[in-house]
């Protein structure tokens, strides 16, 4: 059996994500044997994007399974999950039968298990800012006014990049001087 990478008869792998229909996958995608990559229009396909109606949704402890129908056919979709995965949910709070519920707009995996702690620290920081206002800055102390917090008071944090950030605090020397 020849190695697909060294076989000139074997098509080169397409590295891009390919937008396809369910009908294309069911009707035209083929394998040369059970362990070979699928070919579509003479190109190896690895990652595909499908858009359609999800139904017959079944959630299990190890996976999420549903059928997807895009008007050209229906196909089974399985998302394998790790046990107890962490996710970052962006959504809006609403009431559903007198029960508070979040309507998710985005659910992204949080691969770093410490991200939950960073998120809790960020929530505590934002609660304190909301309840007490921003902490006084050196500028405000020298000018005698706490009305206008400086722009750099709230650091810009890219939560999509990672959760390894440090919340701002007063320098030790300044804290000791106040005591």
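Every number in this text was worked out from the coordinates using simple rules, so none of it is lab data. Note that the structure is predicted; figures quoted are calculated from it, not measured. So basically every Cβ, Gly included, is an ideal-geometry build from the backbone, and we count neighbours across all protein chains shown.
Numerical summary
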| item | result |
| --- | --- |
| Equivalent ellipsoid dimensions for the range 18-80 as semi-axes, Å, which come from the Cα gyration tensor, largest first | 22, 15, 9 |
| By average C-beta atoms within 10 angstrom, highest first, the peptides 97-108, 56-67 | 56-67, 97-108 |
| Point-to-point label distance, residue 48-residue 66, nm (Cα→Cβ direction, 7 Å offset) | 1.8 nm |
| Pairwise label distance in nanometres, residue 114 with residue 35, each label 7 Å out on the Cα-Cβ vector | 4.0 nm |
